[in-house]
Amino acid sequence: MAHPEIPHGTIRLGFTPDEEIGRGADHFDVARFAARYAYTMDGGQRGELEYESFSADAMTVTFRGFNTHPGYARGHMVNAIKLAARFIDRLPPDRLSPETTANRDGFVHPYVMQASVDRTSVKLLLRDFDTAELARRAAWLRALAQEVVDGVPGAAVDVQVEAQYRNMREVLDEHPLVVERARQAFARLGIPPRERPIRGGTDGSRLSFMGLPTPNLFAGEQNFHSRLEWVSVQDMEKAVEVIVELARVWEEGA
């Protein structure tokens with residue numbers, strides 16, 4: 001933007017600091033941003049061009065029991081932690097989990113357990129590339145949870161489901177130009193595109209459904225969400241080149 005010798009149209013920049021906890025687009029004003037298309041820079045190795053993501057729901061399963069002094073609990077106590085443990089133990093050990101799936105497989109992931117005096121909540125992530133599959137998984141999990149409390153006097157369960165984001169390809173397939181322009185920029189720079197679904201989501205997933213079609217580009221990030229996370233300076237430099245080339249491509253095609 002500080003180089004008038006580079007032809008470009010109007011460029012708008014946005015920063016979403018809460019992307020990693022899923023709130024990056026909560027207060028993003030798409031109308032005020034006033035862009036027709038956008039790109040997030042939230043990808044991994046050089047060449048990544050991503051326009052398909054998981055669809056995602058969050059589920060909270062809360063088991064309610066009855067707590068009393070453990071020394072005098074016979075015939076009275078209903079241990080909510082044990083109810084939650086039985087529920088988790090019913091999840092299949094060889095499928096439908098992050099550690100047993102890859103490629104286009106979805107999963108169910110219990111990631112937090114919160115216990116209080118007489119209730120225990122299990123928080124789960126539901127992920128799949130087929131949005132309709134989320135509802136089927138939720139119904140299955142509800143049934144599993146109900147089976148745990150059936151026949152246990154004093155036990156009850158409550159299930160809440162919250163939509164998080166949806167597969168951005170459902171929107172981006174209707175706007176092929178925004179992906180094609182990225183391919184053009186890659187080709188001019190001699191960068192082979194790596195096009196594959198994201199086993200996760202980006203702010204672009206939310207923004208696309210908010211009316212701003214937004215595929216994701218590489219930024220050199222590696223080993224996401226681990227102690228060994230790092231970023232390639234060389235790939236970051238190439239990402240900058242891609243942004244500059246995208247400005248030229250869009251201006252030429254205007």
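Conditions: (1) surrounded by fewer than 14 Cβ atoms within 10 Å (Cβ to Cβ); (2) in contact with a strand residue (DSSP E or B) (Cβ under 8 Å, 6 or more places away or on another chain). Residue 179 meets all but one. Number of the miss?
(1)
For region 23-31, indicate whether the set of residues that are touching a Ser or Thr at 6+ places or on another chain (Cβ under 9 Å), in contact (Cβ under 8 Å) with a residue 24 or more places away in the chain and in a strand (DSSP E or B) is non-empty.
no
Can you name the number of the only condition in (1) part of a loop (DSSP other than H, G, I, E, B); (2) over 24 Å from residue 183 (Cβ atoms); (3) of a type in the set (A, V, I, L, M) that residue 35 fails?
It fails just one condition, (2).
Inside region 106-136, can you point out the residues that are in a strand (DSSP E or B) and of a type in the set (A, V, I, L, M, F, W, C)?
Within region 106-136, 107, 108, 112, 113, 115, 122, 124, 125, 126 qualify.
Output the qualifying pairs, or none if there are none: Cβ atoms under 7 angstrom, residues six or more apart or on different chains, first residue in region 109-130 and without any contact (Cβ under 8 Å) to a residue 12 or more places away in the chain, second residue surrounded by fewer than 18 Cβ atoms within 10 Å (Cβ to Cβ) and in a strand (DSSP E or B).
112/123
For residues in region 192-219 being in contact with a Lys or Arg (Cβ under 7 Å, 6 or more places away or on another chain) and buried (at least 20 other Cβ atoms within 10 Å of the Cβ), which is farthest from residue 108 (Cα to Cα)?
218
Scan region 59-73 and give yes if some residue there is in contact with a Gly (Cβ under 7 Å, 6 or more places away or on another chain) and either part of a strand (DSSP E or B) or at pLDDT 95 or above (or both), otherwise no.
In the first step, residues of region 59-73 are kept if they are in contact with a Gly (Cβ under 7 Å, 6 or more places away or on another chain); the result is 65-66.
Applying the additional criterion that residues be either part of a strand (DSSP E or B) or at pLDDT 95 or above (or both) yields 65-66.
So far as region 59-73 goes, yes, one or more of its residues are in contact with a Gly (Cβ under 7 Å, 6 or more places away or on another chain) and either part of a strand (DSSP E or B) or at pLDDT 95 or above (or both).
Any residue that is under 16 Å from the mean Cα position of the chain (by Cα) and either closer than 28 Å to residue 29 by Cα or in contact (Cβ under 8 Å) with a residue 12 or more places away in the chain (or both) - is there at least one of those in region 176-185?
no
Which of (1) outside any helix (DSSP H, G or I); (2) touching a residue at least 24 places away in the same chain (Cβ under 8 Å); (3) surrounded by fewer than 16 Cβ atoms within 10 Å (Cβ to Cβ) does residue 93 not meet, given it meets every other one?
(2)
Please state which of the following conditions residue 186 fails to meet, knowing it meets all the rest: (1) surrounded by 18 or more Cβ atoms within 10 Å (Cβ to Cβ); (2) modelled with pLDDT under 95; (3) aromatic (Phe, Trp, Tyr).
(2)
Name the residue, out of 108, 112, that is over 14 Å from residue 159 (Cβ atoms), of a type in the set (A, V, I, L, M, F, W, C) and in contact with a Leu (Cβ under 9 Å, 6 or more places away or on another chain). Reasoning before the result, please.
Working: 108 fails: over 14 Å from residue 159 (Cβ atoms).
After applying the criteria, what remains is 112.
Name the residue that is surrounded by the most Cβ atoms within 10 Å (Cβ to Cβ), counting only residues in region 21-46 that are basic (Lys, Arg) and over 14 Å from the mean Cα position of the chain (by Cα).
Ranking the candidates gives 46 first.
Taking residue 192, is it assigned to a loop (DSSP other than H, G, I, E, B), modelled with pLDDT of 95 or more and in contact with a His (Cβ under 7 Å, 6 or more places away or on another chain)? Give the steps one after another, and end with the answer.
Details: assigned to a loop (DSSP other than H, G, I, E, B): yes; modelled with pLDDT of 95 or more: yes; in contact with a His (Cβ under 7 Å, 6 or more places away or on another chain): no.
So residue 192 fails the test.
Residues in region 2-13: is at least one of a type in the set (Ser, Thr, Tyr) and either not in a loop (DSSP other than H, G, I, E, B) or not assigned by TED's automatic domain parsing to the domain that holds residue 133 (or both)?
Within region 2-13, the subset of a type in the set (Ser, Thr, Tyr) is 10.
This time we only want the ones that are either not in a loop (DSSP other than H, G, I, E, B) or not assigned by TED's automatic domain parsing to the domain that holds residue 133 (or both), so: 10.
So far as region 2-13 goes, yes, one or more of its residues are of a type in the set (Ser, Thr, Tyr) and either not in a loop (DSSP other than H, G, I, E, B) or not assigned by TED's automatic domain parsing to the domain that holds residue 133 (or both).
The values are calculated or read from the model by the stated rules, or taken from the named source; none is laboratory data. Just so we're clear, the structure is a prediction, and the values are computed from it rather than from any experiment. A quick note on method: Cβ atoms are made from the backbone with ideal geometry, for glycine too, and the neighbour counts reach across all protein chains shown.
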